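Some notes on the structure that comes next.
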Amino acid sequence: MEAGNFKDTSLPQILLDLYTSGESGVLRLKHGKVLKSIYFMMGMPVFASSTEKEDRMGEMLCRKKIITDLQLRECLAEAEITEKRLGTVLVEKDLLKPEALVVAVVDQVEEIIYSLFGWEEGEYSFVRGEQTSNEVITLNMSAANLIMEGIRRKYSIEKLKRVLGSPRSVLATTSDPKYRFQELQLTPNESKVIELVDGNRSISEILEENEVSELESCQALAGLLLLKTLEVKGEEHEGLILLEDEKVPEAEMFPEAEIVPEAEIVPEAEIVPEAEIVPEAEIVPEAEIVPEAEIAPEASDISIRKQEIQKRFQKLSEMNLYEKLGLSKTAAKEEIVEAYTRMSKEFHPEKFSDPSFDEIREQGMEIFNQITEAYTVLFKDESRAQYDQRLAKEVLTSLLDEELDPQAAKKHCERGKVLFQERRYQEALDAFRLAIQLDPNVAEYYTGLGLLYTMGIGGQRPRIEEAERSFKKAIYLDQKEARNYFYLGVLYKNKQAMDLAKEYFERALEVNPRHSGARQELVKIRKAKKSR
């Protein structure tokens, strides 16, 4: 992909192509006199810029009433005189806190990218290479989630229906493995819609059978079609079901000319003679009719299911959010999504619509609600980190350590190291996860896990967010181990967050002044700054 024109709904395809190719460089998009650029690193969007006045940070802060027009003009004048960035001046004047500046930059970048989804046409070009921006604040969102959010914000219902095409189209999960999982963050309502995609239902049936609004339903289906997570399997043939505003008037569906003329009615002579009618003796005798008990669900199955629901409901109050989804505390994002998708289907309220489940229906619905709550908290990095901290404090203050086994954990760690050296990375990953499960308070286990997350195991992309979280956890448990600071520095360097990388390399040297790797990286950073 070098250059070309795009129209309407083809922007998601351009972003998806870059995501799947894993390329680094700058995507430039132009419409009229407006030029917007998205910077990519290994297929992931990390920054964006725009020549449009409305996309400037100052304008955005005014729209959000964080600063006034007068304050903006004063700061812009000072920034021009002192040759400082606007953000720096805002912080110096105490109009923005440093942490609020980070949020503002990320919001600005996201808004620039989302605005592109409103463009109906334009030109694009992609320049390969490490041409990332000089900014140190970068996005922490996958291309797939940016595409989904852009569709939610900018696609009208008419545009969504153009993407969906025929309402008779039957949808299924994609058969192409590289699109099956893209770290998608779906809303609970979107998850409900996607649950109905089974390879048998048409688009119109999915829209009719769920309780979610038509707009949200179309956003979920169109978004996942554009991301190729879903694909069109074919069309239904029995009956024509159309969206409400597309229904054909009855007169047009059955024009008078097409009605079978009376002359074509089968004449009486062609009616099957009485001799060919199935004799009464051939009717299945009453004894051979399948008894009603064999058609209905077996009472024993319902009884077993009810017992399972009751047992799970009784344990809910003792389970943490990870356990409610059947996961370990080190579960990756895709595991959280897979667990939620599976369990939300299993415990969806529709599963308890049969009168046989009347006595446990409320328990089943509570299980479903708590599964959804667990997913909502654990999928988002910020809320998950806060929950992990709270959970860690509970574990440390608890006296119930019967399930911990430090000796067994150490053995799994040693085994993980051996497997790592043998390049059996998936097995090594499982070994370190098990070590953490048996003893979650040893920094070395998280270090090993973090290193494995930085590698593309089983054809998957490196899990950078999980690696970052693992190294930070290791630092929290052992602040005197230099290598975790060093590994974080390398992560931030690869993300072009040079100030953060420099900070962590310096901290590695503070802990271990003889750490040659950190010293070499600092020299490289200084040289790069001097050459600018």
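When Lys345 is tested against (1) surrounded by 10 or more Cβ atoms within 10 Å (Cβ to Cβ); (2) at pLDDT 80 or above, only condition (2) is not met.
Taken together, Leu391, Leu488 contain a single residue that is touching a Lys or Arg at 6+ places or on another chain (Cβ under 8 Å) and at pLDDT below 80, which is Leu391. In region 339-382, how many residues are closer than 22 Å to Glu465 by Cβ and among the hydrophobic types (A, V, I, L, M, F, W, C)? Summing the residues that are closer than 22 Å to Glu465 by Cβ and among the hydrophobic types (A, V, I, L, M, F, W, C) in region 339-382 gives 5.
If you go through region 15-55 and keep only what is of a type in the set (A, V, I, L, M) and more than 17 Å from Leu146 (Cα to Cα), you end up with Val34, Leu35. For region 497-512, check the following and say yes or no: at least one residue is at positive phi and either touching a residue at least 12 places away in the same chain (Cβ under 8 Å) or part of a loop (DSSP other than H, G, I, E, B) (or both). Within region 497-512 (the criterion being at positive phi and either touching a residue at least 12 places away in the same chain (Cβ under 8 Å) or part of a loop (DSSP other than H, G, I, E, B) (or both)), the answer is no, since none of the residues qualifies. If I ask for residues that are charged (D, E, K, R) and either under 17 Å from Glu111 (Cβ atoms) or touching a His at 6+ places or on another chain (Cβ under 7 Å) (or both), which ones from region 4-46 would you list? Result: Lys36, single match. Filtered by the rule that a residue be under 15 Å from Leu184 (Cα atoms) and of a type in the set (A, V, I, L, M), region 330-378 gives Ala332, Ile336, Val337, Ala339, Val377, Leu378.
For beta carbons closer than 7 Å, sequence separation of 6+ or different chains, a first residue in region 181-194 that is at negative phi and a second that is of a type in the set (D, E, K, R) and at pLDDT 85 or above, the qualifying pairs are Asn189/Glu216; Glu190/Glu216.
Within region 82-104, is there a residue that is touching a Gly at 6+ places or on another chain (Cβ under 9 Å), hydroxyl-bearing (Ser, Thr, Tyr) and either modelled with pLDDT under 90 or within 21 Å of Asn145 (Cα to Cα) (or both)? No, region 82-104 has no match at all. Figure legend. Inter-residue proximity from region 103-126: first residues surrounded by fewer than 17 Cβ atoms within 10 Å (Cβ to Cβ), second residues not in a helix (DSSP H, G or I), beta-carbon distance below 6 Å, spacing 6+ or different chains. Indicated pairs: Glu121/Lys7; Glu123/Asn5; Glu123/Lys30; Ser125/Ala3; Ser125/Arg28. Within region 92-102, the set of residues being at positive phi and touching a residue at least 24 places away in the same chain (Cβ under 8 Å) is empty.
Any idea which of Arg469, Arg461 is under 19 Å from Glu335 (Cβ atoms), in contact with a strand residue (DSSP E or B) (Cβ under 9 Å, 6 or more places away or on another chain) and touching a residue at least 40 places away in the same chain (Cβ under 8 Å)? Walk me through it before giving the result.
Values: Arg469 fails: in contact with a strand residue (DSSP E or B) (Cβ under 9 Å, 6 or more places away or on another chain).
Selected residue: Arg461, the only one of Arg469, Arg461 that is under 19 Å from Glu335 (Cβ atoms), in contact with a strand residue (DSSP E or B) (Cβ under 9 Å, 6 or more places away or on another chain) and touching a residue at least 40 places away in the same chain (Cβ under 8 Å).
Of the residues Ile336, Ile309, which single one is under 26 Å from the mean Cα position of the chain (by Cα), in a helix (DSSP H, G or I) and either surrounded by 15 or more Cβ atoms within 10 Å (Cβ to Cβ) or among the aromatic types (Phe, Trp, Tyr) (or both)? Walk me through how you get there before you give the answer.
On the way: Ile309 fails: under 26 Å from the mean Cα position of the chain (by Cα).
Going through Ile336, Ile309 in turn, the sole match is Ile336.
Quick one: would you say Lys529 is on the phi < 0 side of the Ramachandran plot, surrounded by fewer than 17 Cβ atoms within 10 Å (Cβ to Cβ) and either over 35 Å from the mean Cα position of the chain (by Cα) or outside the structural domain of Val102 (by TED's automatic domain parsing) (or both)? Yes. The single residue among Ser470, Ser383 that is buried (at least 19 other Cβ atoms within 10 Å of the Cβ) and either modelled with pLDDT of 90 or more or closer than 27 Å to Tyr504 by Cβ (or both) turns out to be Ser470.
The values are calculated or read from the model by the stated rules, or taken from the named source; none is laboratory data. These numbers come from a predicted model, not from an experiment. No Cβ is skipped: glycine too gets one built from the backbone with ideal geometry, and neighbour counts run over all protein chains shown.
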